[in-house]
Structures are given as structure tokens and as C-alpha cells.
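Read through the structure below, which is laid out as C-alpha cells, and then see the notes.
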Amino acid sequence: MGLYKSIMEEITFYTGLSPTAFFTVLAMMVVVYRTVSAMFVSPEDYNKPPVVSARPDSRFAETEPLREPVQLGQLTDRQLRAYDGSDPSKPLLMAIKGQIYDVSSGRNFYGPGGSYAMFAGKECSRALALLSFKPEDINGNLEGLDEPELKILEDWEFKFVEKYPKVGQLVPEQRTQQNELKEQIEDNLENPNE
Ligand code: HEM
């Protein structure tokens, strides 16, 4: 008790404040310090890249050995979709400007649960050019893109050429007889006099 009393007396003596006022000021200083320091990031943390892939599927874990990329030749959009990570026995593919890349080594990005999983099994040129994740932009349609957007797309293409093996080319869906007949009928309906 004597110690407690003498500490309180020392506080009053040195600070000119009552112990209650002293501890109130101290508590306020701690709160201000913590609030202000929370607004800043340490230089080490600042330089760390943001965490992009949330929780990639363990079947695509980076620890699993990578298969050798296999040349697949020509694939249609529909065939490419089978390589979206839903079947772990297949590589992860992605197409840019009609060229298909095996992006399996980037499975933390493109595998199920990865931040860019929506691009797997798809032609992504438009989305990459527009920096868009909208499903309606995930295709190879370059119509209406301006110069800066085409430049962005080219930069992505360079990145992919350097980083991932090219394993095929995208080709248009094969025209089935049924489709051709349908198109002919539609043409005739639109231009009945031709
Ligand atoms: C908030 C904005 C964004 C942040 C903070 C961000 C961050 C990152 C980071 C840190 C990486 C890893 C880079 C590396 O290790 O090589 C990355 C990769 C990637 N980002 Fe983003 N990103 C953002 C927006 C976008 C957008 C808008 C797109 C396209 C629509 C995009 C597409 C990609 C792709 C495709 C990769 C993987 C490239 C590869 O396979 O190496 N990102 N992003």
C-alpha cells in the first residue's frame, strides 16, 4: 500500500497532475498512437505483393509435380472449355489472340479457387485488354478496342509468351450441316429477293 501511495505522490510531484488525470492522459496518448500508426504500413509490408490467390484447390497445389506440356493442335472454344481446371487430369489452358497457352504452372492463379480461375479454359483477349473480369468480356472479340487497350493486350501477350508454353491454336467451331442449313434459311429470310 505504501508503494502504491508513493507512486501516486511521485506522479503528482513530477507531472503536476492528479493520478486520475495522469492515467487518463496516458490512455488517450496510447489510443492516438495506435490509431495513427494503424494508418501507416511498415516498409517491409509495403513492398510485399498483395495476396492474389485466396485458397487454390489442393488438387492443383503448387507442390504437385507439373506434367510436361502436351501440344494439342487446333481446338475450338468449346473444346478449350474442358481445360478450365474442373478435371485435374487435364492441364489448365488459356487463350490470348487465338494462341493457346498451358498455364498449369500458374495454377495458383488459374486453378479452381484461384483469383483468375474465370480465365481458365477461355479465350481472354478482350477481358485482358479491358482489364475486366466481367463474364461478357471473357472472349476473343477485339471489336471496338482502342489503341491503348490493344497495347495492354499486347503486353499481356508478351508476358504469356515468355512465361507459358504455347500448346495450340483456337479455331472457329466446325460448321455442321445442320448449322449451315440454319444459316441458309436465316439468310433467305433476311434477303428473300436474292
Ligand atoms: C486491384 C487490382 C489488381 C491487383 C492488386 C492485382 C495483382 C496481381 C498480382 C500481385 C499478380 C501476381 C503477379 C506475378 O506474380 O507475376 C497478378 C497477376 C495477374 N493479374 Fe492481377 N491484379 C489486379 C487486377 C487485375 C485485372 C483487372 C486483371 C485482368 C482482367 C488481372 C489479371 C492478372 C493475371 C492474368 C495475372 C496472372 C499473370 C500470370 O499468369 O503470371 N489483374 N495480379
Please enumerate the residues belonging to region 74-107 that are more than 23 Å from Glu143 (Cα to Cα) and crowded, with 20+ Cβ neighbours inside 10 Å. Tyr83, Asp84, Gly85, Pro91, Leu92, Leu93, Asp102, Val103, Ser104, Gly106, Arg107
Cross-chain or 6+ apart pairs with Cβ under 8 Å, region 154-167 first and touching a residue at least 40 places away in the same chain (Cβ under 8 Å), then within 7 Å of the ligand (Cβ to nearest atom): Trp156/Leu128; Phe160/Val103; Lys163/Gly106; Tyr164/Val103; Tyr164/Gly106
Tell me which of these Glu62 doesn't satisfy, since it passes every other one: (1) away from the ligand (no atom under 14 Å from the Cβ); (2) at pLDDT below 75. (1)
Given (1) over 23 Å from Leu72 (Cα atoms); (2) open to solvent by 40 Å² or more (accessible area, probe 1.4 Å), where does Ser132 come up short, assuming only one miss? (2)
Looking only at region 3-24, count every residue that is surrounded by fewer than 12 Cβ atoms within 10 Å (Cβ to Cβ) and of a type outside the set (Gly, Ala, Ser) and tell me the total. 9
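The values are calculated or read from the model by the stated rules, or taken from the named source; none is laboratory data. Because the structure is predicted, anything quoted here is derived from the model rather than measured. Every residue, glycine among them, receives a Cβ derived from its backbone with ideal geometry; neighbour counts consider all protein chains shown. To get the accessible areas, we keep the full protein, side chains included, count just its heavy atoms, and leave off ligands, DNA and RNA. Shrake-Rupley method; radii C 1.70, N 1.55, O 1.52, S 1.80 Å.
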